[in-house]
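The structure appears right after this line, and notes come after that.
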Amino acid sequence: MRRTIRAVAAAGLLVASTFVATAGPAHADVTICDQYGSTTIQGRYVVQNNRWGTSAQQCINVTSSGFQITSQQGSAPTNGAPVSYPSVFLGCHYTNCSPGSTLPMQVSRIRSATSSINYRYAGGTYNASYDIWLDPTPKTNGVNQMEIMIWFNRQGSIQPIGSAVGTTTIGGRSWQVWRGSNGSNNVISYVAPSPINSWSFNVLDFINDVRNRGAITSSWYLTSIQAGFEPWNGGVGLAVDNFSASVSG
């Protein structure tokens, strides 16, 4: 069924004043159950629980290279928004910026933007969502105007915002392209035809495709790169085992 609304993926329409961060490097495994709790890993990335869409418990176990969902008791109808977006990111999310980040950075200044991800899948209704956020201004708080979603996997009767507008090939892979708006920002989604467990790729390939579609210009700013899961039901055991991202200009 078609989803009528969705989280502003990483941000989730949460009000900035309600954001609660638990900062500090994760030298050993750390469990986060706070609604918006977060910590840092490798001295350069932020891992966040970001349980924005439910009051039910969700906990993640943060490792030195990613995280795993250990408890997810929320549930949402598949024609609506997911319950959360636990994720790891480089850049800024509601004033929570990763240590030493070069983001936001104007697209025209970016010389290299690369990333590597390794997902581990489990049961439930969810997508494995890799988000790229952009805005006309160097924004570090609130909702950005453009969200690029890369769906590495989807399970259950869920689909991206908007409608399918065709297919394309990026990074040597085929993608179904969806385009729409959730009322707060525009969204272009790239859906893999079958699950992808791991991939190293050029983030600029997706940014350039969105620019070629007229959705952004080179004067816009890349504000964050995020990888995680959007669960509707279940999801215990889902994990980002490894994440890395680097942007230079």
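Entry comment: accessible area of region 144-237 is 35 Å² per residue, from protein heavy atoms only and a probe of 1.4 Å.
Would you calculate the convex hull of the Cα atoms in the chain and tell me its volume per residue in Å³?
On the way: hull volume 25.6 nm³, N = 249.
Roughly 103 Å³ of hull volume per residue.
Just want to confirm a number: the relative contact order over region 23-95, from Cα pairs under 8 angstrom separated by 6+ residues, in percent.
RCO, region 23-95: 30 percent.
Applying a DSSP loop filter and a limit of 10 other Cβ atoms within 10 Å to the trypsin sites (Lys or Arg not before Pro) in region 99-161 leaves R111.
Could you work out the relative contact order of the chain? I mean the mean sequence separation of Cα pairs under 8 Å and 6+ apart, divided by the number of residues, in percent. List each step's numbers first, then the result.
Details: 722 pairs, mean separation 67.9, N = 249.
Once divided by the residue count of the chain, the mean separation gives 27 percent.
Rounded to the nearest 500 deg cm²/dmol, what is the calculated helix-only ellipticity per residue at 222 nm for the chain, with -39500 (n - 2.57) per DSSP H run of length n ≥ 4?
Value at 222 nm, helices only, nearest 500: -1000 deg cm²/dmol.
Say we join alpha carbon atoms closer than 10 Å with springs in a Gaussian network model of the chain; which of N50, N144, N202 then has the biggest fluctuation? Answer for the Gaussian network model of the chain: N202. Extension gain for Q73 to R109 (0.36 nm times residue separation, less C-alpha to C-alpha distance): 8.7 nm.
Between A164 and N202, the distance separating the two model label sites (each 7 Å from Cα on the Cα→Cβ line) works out to 2.8 nm. Think of the chain as a dipole: +1 on every Lys or Arg Cβ, -1 on every Asp or Glu Cβ, centred on the Cα centre; then among V107, W199, V236, V107 lies furthest on the positive end. Residues whose amide H falls under 5 Å from that of Q42, counting only those 5 or more places apart or on a different chain, are A26, with hydrogens built in the peptide plane.
Centre-to-centre, using Cα atoms only, region 161-194 and region 59-118 are separated by 19 Å. Across region 96-113, rounded Karplus estimates of 3J(HN,Hα) from the backbone phi angles (6.51 cos²θ - 1.76 cosθ + 1.60, θ = phi - 60°) give 8, 10, 5, x, x, 5, 8, 8, x, 9, 5, 4, 5, 8, 6, 9, 8, 9 Hz, Gly and Pro being marked x.
Out of the total accessible area of region 30-248 (probe 1.4 Å, heavy atoms of protein only), what percent is carbon and sulfur?
Numbers: 3100 of 7380 Å².
Solvent-exposed carbon and sulfur of region 30-248 make up 42 percent of the total.
The values are calculated or read from the model by the stated rules, or taken from the named source; none is laboratory data. On a predicted model such as this, the values are computed, not experimentally measured, just so you know. Neighbour counts are summed over all protein chains in view; Cβ atoms, including those assigned to glycine, are modelled from backbone coordinates with ideal geometry. Note: areas computed on protein heavy atoms with side chains; ligands, DNA, RNA excluded. Shrake-Rupley method; radii C 1.70, N 1.55, O 1.52, S 1.80 Å.
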